[in-house]
């Protein structure tokens with residue numbers, strides 16, 4: 001089992017006397033892990049990253065990196081390096097000078113700098129770009145320069161503060177794969193801050209979802225998506241259909257619940273439930289049928305109100321007679337301009353009981 005390279009112990013950060021940016025957070029991040037801090041704006045994720053870097057000081061708690069307490073350790077003496085959202089590439093220096101800057105200021109001989117710059121640029125696939133100026137580079141290439149500059153000193157932990165947010169969608173997706181490749185190549189710990197759920201799920205080994213300065217859940221991407229522990233996490237990670245329900249009891253290891261549009265249903269559940277719960281279903285788990293589905297499936301009958309076309313799939317919005325709206329994701333797996341349903345069609349939306357999330361928080 002890997003050891004914890006970063007240990008955040010009961011860390012809080014207050015700005016002034018009333019603004020609590022980070023609220024009693026404890027996390028262990030393993031050596032070599034690609035770890036994501038995910039959450040909406042203002043949830044505390046960037047403040048937590050800045051405390052790891054030493055740019056902010058915890059109001060209480062401890063930050064340990066590689067077994068050492070970081071209290072009183074200046075940012076330039078910590079075994080970390082940071083890549084910022086804005087790249088922070090020096091516009092008056094060429095690529096080689098940008099990448100080698102950190103080595104130069106610490107007194108590394110020129111011959112060694114040149115060799116390490118060449119190696120770092122090869123790592124980020126910018127061989128031959130040594131003499132280019134930042135103004136001659138694309139956004140993705142400038143981000144690679146920033147990564148090479150951060151990696152050249154071989155930090156034990158690389159901190160990434162929303163590094164891809166300024167890139168267009170296709171380039172962002174390509175750079176996500178590139179960051180994973182880099183992490184695998186260098187073997188050091190990556191900690192990324194992002195508000196983009198797809199970014200976190202596609203890159204990280206584990207994700208901490210933050211809300212209101214606290215950690216709501218820490219898990220692998222698949223665990224977060226399939227087994228969220230609260231309404232907030234379920235809604236923030238992907239898309240859900242949420243039906244508020246009332247608990248009616250337990251029967252043969254299944255939870256009985258009453259929900260508008262569904263009536264009384266039985267779903268697998270092994271935890272403790274209060275009177276009021278949420279029943280959540282991911283849109284891709286829902287099947288649409290013209291006729292009534294087979295027995296055993298949970299189902300709602302309604303009319304197609306709207307269809308949003310996304311190329312590879314369509315999001316179909318079905319409304320029942322009581323105002324309940326269910327969204328189903330339908331794969332466009334046939335080469336045609338006509339989808340399987342049209343606006344105004346009457347359909348059944350159904351799903352397996354085992355695909356129902358029971359949310360008690």
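Readers should treat all values here as calculations from the given coordinates under stated rules, not as data from a laboratory. Note that the coordinates shown come from a computational prediction; the quantities given were computed from them, not determined experimentally. When we count neighbours, we look across all protein chains shown, and the Cβ atoms used for this are built from the backbone with ideal geometry, even at glycine.
Using packing as a proxy for protection, rank 89-99, 128-138, 334-344 so that the peptide with the highest average count of other Cβ atoms within 10 Å comes first.
Ranked by mean Cβ neighbours within 10 Å, highest first: 89-99, 128-138, 334-344.
Angle check, please: helix 139-151 long axis (alpha carbons) against the longest principal axis of the chain (alpha carbons), in degrees 0 to 90, nearest 10.
It works out to around 60 degrees.
Applying 1/(1 + (r/R0)^6) with R0 = 51 Å to the Cβ-Cβ distance of residue 354 and residue 112, what FRET efficiency is obtained, to the nearest 0.05?
Approximately 0.30, to the nearest 0.05.
With springs only between Cα atoms under 10 Å apart, run a GNM on the chain and tell me which of 140, 107, 54 wobbles the most.
Maximum among the listed residues: 107.
Roughly speaking, what is the stretch gain from residue 239 to residue 19, that is 0.36 nm per residue apart minus the C-alpha to C-alpha distance, in nm to one decimal?
Stretched fully, the residue 239-residue 19 segment lengthens by 76.2 nm.
By how many nm would the segment from residue 301 to residue 334 lengthen if fully extended, with 0.36 nm per residue of separation less the alpha-carbon distance?
9.4 nm
If R0 is 35 Å, what FRET efficiency do you get for residue 138 and residue 77 from their C-beta distance, rounded to 0.05?
After rounding to 0.05, the efficiency reads 0.55.
Note down the nm distance, to one decimal, between modelled labels 7 Å out along Cα→Cβ at residue 258 and at residue 57.
5.9 nm
Out of (i) 65, 45, 42; (ii) 76, 51, 40; (iii) 68, 56, 33, which label holds the value of Cα extents along the principal axes in Å that was computed here?
So the calculated entry is the one marked (ii).
For n ≥ 4 DSSP H runs only, could you compute -39500 (n - 2.57) per run for the chain, divide by its residues and tell me the 222 nm figure to the nearest 500?
Dividing the helical sum by the residues of the chain leaves -7000 deg cm²/dmol.
Please give the Cα centre distance for the stretch 107-146 versus the stretch 230-265, rounded to the nearest Å.
53 Å
As an exercise, use a Förster radius of 35 Å and the Cβ-Cβ distance of residue 312 and residue 361 to find the FRET efficiency, rounded to the nearest 0.05.
The formula returns an efficiency of 0.60 here.
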